[in-house]
Amino acid sequence: MASDSRAAVARFIEYLRIKTVQPNPDYETCTAYLRQQADELKLKFQAHEYVAGKPVVVLTWEGTEPSLPSIILNSHTDVVPVFEEFWDYPPFDAEMVPTEDGKDSRIYARGTQDMKIVGQCYLEAVRALQEQGKRLRRTLHLVYVPDEEIGGHDGMSKFVESPEFKALNAGFALDEGMANPESTVRVFYGERAPCWVKFRARGNVGHGSQFIENTAAEKLTPIISHLMQFRQEQFDIFKTPNADGSARTLGDVTTTNLTLLESGVQQNVVPESALAGFDIRMTPSIDYQEFRQGLEDLGKKHGVEVEFTQFWGDNTLTSTDESNPFWTAFKGAVDGLGVEVFKEIFPAATDSRYLRRAGVPALGVTPLANAPILLHDHNEFVTRNEYLDGIGFYITVIQAVANVK
Ligand SMILES: CSCC[C@H](NC(C)=O)C(=O)O
Ligand SMILES: [Zn+2]
Ligand SMILES: [Zn+2]
């Protein structure tokens with residue numbers, strides 16, 4: 001833990017108060033804050049703008065063996081919008097509210113869980129290690145990316161393609177995970193891939209009182225039925241326990257949701273067009289290209305246009321066995337802390353997918369056990385002790401992975 005926990009909490013609060021909220025995040029103030037941190041910690045500071053106004057900030061602490069592949073400690077700086085009227089405390093004040101037993105305080109702010117706690121813990125862990133006079137073998141790059149919450153297309157996606165990224169010579173990365181109401185810390189070694197597909201049907205029009213044939217809705221209906229049936233099959237699998245009796249997780253199955261329906265102008269007019277859009281998340285064990293082809297064939301069979309607005313075709317997983325020395329180091333460190341980890345596939349999409357596809361093994365971890373899942377929710381909070389324990393977690397874990405030989 002940091003030697004001065006009061007100051008560590010004050011810095012977290014300062015970070016939380018920066019309104020990096022989509023759709024107009026204040027990245028300028030955020031970058032100034034990170035520059036200040038870099039100055040205090042004597043870290044090399046770089047800000048790269050692959051898209052104007054959307055900085056990727058890299059803070060570097062050189063290791064004693066800088067030729068070894070480095071460690072990326074990644075976090076995104078943006079946060080999702082709020083419905084302020086549903087919050088008990090202003091979402092960008094980071095108010096500290098004592099818990100009922102008086103032993104802790106809740107810090108309420110958008111981004112506490114997702115994921116400013118992680119970004120600030122990295123900084124505090126480096127500060128504590130420096131105060132202890134430690135040097136690490138491998139170079140650390142604390143990477144602060146924009147726009148993860150809207151897909152990372154102008155952030156991590158562009159960064160991993162850049163010469164600046166290649167120059168980092170990264171060998172391993174830590175990124176975000178998710179809180180766990182259970183007692184274990186969730187560790188994500190892969191992600192489900194987004195497949196966002198739209199089916200647009202066009203058909204005959206006419207008076208709503210007639211038997212019009214080949215209407216747009218008539219063409220779209222079997223497609224919706226087909227995908228709803230697939231949804232049910234997967235849901236049934238999800239509800240069936242594993243052979244060892246444990247519950248399946250979302251990462252084990254493919255989910256399908258009908259999220260867009262557009263059609264119609266007036267109730268007695270048969271519409272010319274109808275659209276159904278689905279948010280499908282593919283579990284990494286299926287063949288993504290085959291799945292995509294199946295959707296294209298489905299559209300063709302019913303004479304309907306198919307458009308993929310998002311399709312992630314890579315299912316690289318991070319090894320969680322002895323073949324990956326960073327996993328061994330990570331697991332040994334958390335075991336030493338008495339923390340039990342639960343390995344999972346992340347149900348949604350994070351910037352880790354860009355890192356894994358670029359060949360950098362990544363683990364997604366947010367050290368919040370016995371904590372409600374509040375990302376994107378009203379009244380998002382973490383407690384002061386969770387934050388301070390998080391710093392302790394990273395002090396141990398960062399040393400372990402950065403000292404891998
Ligand atoms: C396909 S880009 C969208 C990214 C977003 N990420 C999260 C973590 O919510 C999602 O999975 O919906
Ligand atoms: Zn996040
Ligand atoms: Zn998020």
With the 8 Å Cα cutoff and a minimum separation of six or more residues, region 193-311 has a relative contact order in percent of 43 percent
Simple spin-label estimate for residue 396/residue 319, 7 Å along Cα→Cβ, in nm, reads 2.5 nm
The pairs in 19/198; 54/301; 19/343; 158/300; 134/158; 42/158 lying past 31 Å Cα-Cα in this model are 19/198; 54/301; 19/343; 158/300; 134/158
In deg cm²/dmol, rounded to the nearest 500, the helical mean residue ellipticity at 222 nm of the chain, built from -39500 (n - 2.57) for every DSSP H run of length 4 or more, is -10000 deg cm²/dmol
Taking Cα pairs closer than 8 Å and at least 6 residues apart, the relative contact order of the chain in percent is 25 percent
note: the chain, Cα-Cα separations exceeding 42 Å make up a percent value of 20 percent
With a 1.4 angstrom probe the carbon and sulfur portion of accessible area for region 193-311, in percent, totals 50 percent
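Over all distinct Cα pairs, what is the inverse of the mean 1/r for region 193-311, reported as the Kirkwood hydrodynamic radius in Å?
15.6 Å
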Per the rule of 0.36 nm per residue minus the C-alpha distance, extending residue 22 to residue 293 adds in nm 94.2 nm
Between residue 221 and residue 310, Cβ-based FRET efficiency (R0 25 Å, step 0.05) works out to 0.55
With the 1.4 Å probe rolled over protein heavy atoms, region 193-311 has an accessible area per residue in Å² of 58 Å²
Note: residue 161 to residue 232 extended length (0.36 nm per residue) minus current alpha-carbon separation gives 21.7 nm
Most packed first (mean Cβ within 10 Å per residue), the peptides 191-199, 246-254, 21-29, 366-374 order as 191-199, 366-374, 246-254, 21-29
For the chain, percent of DSSP beta bridges that are antiparallel (nearest 5) comes out at 70 percent
One computes Rg over Rh for region 1-110 from alpha-carbon atoms, with the Kirkwood Rh, and obtains 1.03
Expected unfolding gain across residue 207-residue 150 under the 0.36 nm per residue rule, minus the alpha-carbon gap, is 16.4 nm
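The values are calculated or read from the model by the stated rules, or taken from the named source; none is laboratory data. All of these numbers come straight from a predicted model, not from anything done at the bench. Because the Cβ atoms are built from the backbone with ideal geometry, glycine has one as well, and the counts that use them run over all protein chains shown. Please note that ligands, DNA and RNA were not included when accessible areas were found on the heavy atoms of the full protein model with its side chains. Shrake-Rupley method; radii C 1.70, N 1.55, O 1.52, S 1.80 Å.
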